[in-house]
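Here the structure comes first, spelled out in structure tokens, and everything after it is commentary.
The values are calculated or read from the model by the stated rules, or taken from the named source; none is laboratory data. What you are looking at is a predicted structure, and each value in this text was computed from that prediction instead of being measured. Neighbour counts run over all protein chains shown; Cβ positions are idealised from the backbone, glycine included. Accessible surface is based on the protein model in full, side chains and every heavy atom, while ligands, DNA and RNA are left aside. Shrake-Rupley method; radii C 1.70, N 1.55, O 1.52, S 1.80 Å.
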Amino acid sequence: MIMDGNGRWAAERGLPRVAGHRAGVETVRRVVETAPGAGVDVLTLYAFSEDNWSRPPREVTALFGLLEHYLARETSRCLEQGVQIEVIGRRDRLPDALCRAIKQSETRTRQGTRLRLRIALDYSSRTALLAAANAAPGTLTREDLSRALGPDVDLLIRTSGEQRLSDFLLWECAYAEFLFTKRHWPDFTGEDLMNAVAEFRGRKRRFGGLEAAEVAQLQTA
Ligand code: IPE
Ligand code: IPE
Ligand code: MG
């Protein structure tokens, strides 16, 4: 999920951008709670991109603070709910306190099996691809790269109307279904996620081939 529109949500209410990010954290909580029941077993949330460093330092600091707070507060609940937390992206530029919170959450929730929650932080898909390629000893296969990066995306949701990837999971989205909603991230609800998954289930995925029904029709013809 590309969680977009916190700033616009705040602006519409005459609030500072940070208020939008704070409201966005509540949405994260709702979505994480709803995901397993909706049939989602891996959820990747785009929380901070490499390019987001170009925002004013105050906003960046506030975002990191909110993330640290989220991890500190939600890890116990995640543990109870069988949610395994995993953070992807660069760690070397994050504040120490946030790094400690990440490590703690990852360690404590390691055994979670109901939902794998991946949070993309200081993340760039191009950087991740380059890192995986550069770490490979010999010729890299598709399988090697997929293993190094993570699972393929089935459904990509982006809130707030923009229809672009903004350097998120480029390789992993090769056959992803895309769903764009105008709703700003702070307004996104558990029901919206349920509806998104229902729409996804109705899509006809072909992966370059034919659908099973089409094949069956050919056989009876
Ligand atoms: C998404 O909301 C959160 C992050 C990128 C961290 P934005 O902050 O991008 O909100 P808009 O796009 O300005 O409305
Ligand atoms: C993408 O949103 C990054 C996150 C949601 C964390 P942006 O708001 O940064 O993307 P652009 O700049 O509109 O492409
Ligand atoms: Mg944005």
TODO: Can you run down the residue pairs with Cβ atoms below 9 Å, 6 or more apart or on separate chains, where the first is in segment 97-125 and within 10 Å of L79 (Cα to Cα) and the partner is modelled with pLDDT under 95 and open to solvent by 40 Å² or more (accessible area, probe 1.4 Å)?
DONE: none
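In this structure, does L169 turn out to be under 18 Å from L43 (Cβ atoms), more than 16 Å from ligand 1 (Cβ to nearest atom) and not polar (S, T, N, Q)?
Criteria not met by L169.
So, in segment 26-58, exactly how many residues are within 16 Å of ligand 3 (Cβ to nearest atom) and in contact with a Pro (Cβ under 9 Å, 6 or more places away or on another chain)?
Quick first cut of segment 26-58, residues within 16 Å of ligand 3 (Cβ to nearest atom) only: 27-28, 45-56.
Those left that are additionally in contact with a Pro (Cβ under 9 Å, 6 or more places away or on another chain): 27.
Summing the residues that are within 16 Å of ligand 3 (Cβ to nearest atom) and in contact with a Pro (Cβ under 9 Å, 6 or more places away or on another chain) in segment 26-58 gives 1.
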Open item on the list: Residues that are in contact with a Leu (Cβ under 7 Å, 6 or more places away or on another chain) and away from ligand 1 (no atom under 15 Å from the Cβ): does segment 22-32 have at least one?
Closed with: yes
Open item on the list: Can you pull out every residue in segment 163-180 that is within 14 Å of ligand 3 (Cβ to nearest atom), farther than 30 Å from T141 by Cβ and surrounded by 14 or more Cβ atoms within 10 Å (Cβ to Cβ)?
Closed with: F180
Open item on the list: Cβ-Cβ distance below 7 Å, separation of 6 or more or different chains: which pairs start in segment 28-49 with a residue that is within 14 Å of ligand 2 (Cβ to nearest atom) and end on one that is among the acidic types (D, E) and not in a helix (DSSP H, G or I)?
Closed with: F48/D122; S49/D167
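Out of segment 74-98, which residues are open to solvent by 20 Å² or more (accessible area, probe 1.4 Å), farther than 23 Å from C173 by Cα and in contact with a Lys or Arg (Cβ under 7 Å, 6 or more places away or on another chain)?
First, pick out the residues of segment 74-98 that are open to solvent by 20 Å² or more (accessible area, probe 1.4 Å): 76-77, 79-81, 84, 86, 88-93, 95-97.
After this cut, where a residue has to be farther than 23 Å from C173 by Cα as well, the list is 76-77, 79-81, 91-93, 95-97.
L79, Q81 - these are the residues of segment 74-98 that are open to solvent by 20 Å² or more (accessible area, probe 1.4 Å), farther than 23 Å from C173 by Cα and in contact with a Lys or Arg (Cβ under 7 Å, 6 or more places away or on another chain).
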- [ ] Note down all Cβ pairs under 7 Å where the first residue falls in segment 8-23 and is within 16 Å of R55 (Cβ to Cβ), the second is away from ligand 2 (no atom under 13 Å from the Cβ) and outside any helix (DSSP H, G or I), and they're at least six residues apart or on different chains.
- [x] A10/P16
TODO: Tell me which residues, restricted to segment 41-63, are in a loop (DSSP other than H, G, I, E, B) and open to solvent by 30 Å² or more (accessible area, probe 1.4 Å).
DONE: D41, R55, P56
Open item on the list: Being within 15 Å of the chain's Cα centre (by Cα) and within 14 Å of ligand 1 (Cβ to nearest atom) is true for just one of E59, E50. Which residue is that?
Closed with: E50
- [ ] Take segment 125-161 and flag every residue that is surrounded by 14 or more Cβ atoms within 10 Å (Cβ to Cβ), over 13 Å from M1 (Cβ atoms) and within 16 Å of ligand 1 (Cβ to nearest atom).
- [x] S125
Task: Matching residues, segment 5-33, being open to solvent by less than 30 Å² (accessible area, probe 1.4 Å) and either farther than 20 Å from H69 by Cβ or of a type in the set (S, T, Y) (or both) - done: G5, T27
Open item on the list: Scan segment 64-72 and tell me whether some residue there is open to solvent by less than 70 Å² (accessible area, probe 1.4 Å), of a type outside the set (D, E, K, R), away from ligand 1 (no atom under 11 Å from the Cβ) and farther than 25 Å from S125 by Cβ.
Closed with: yes
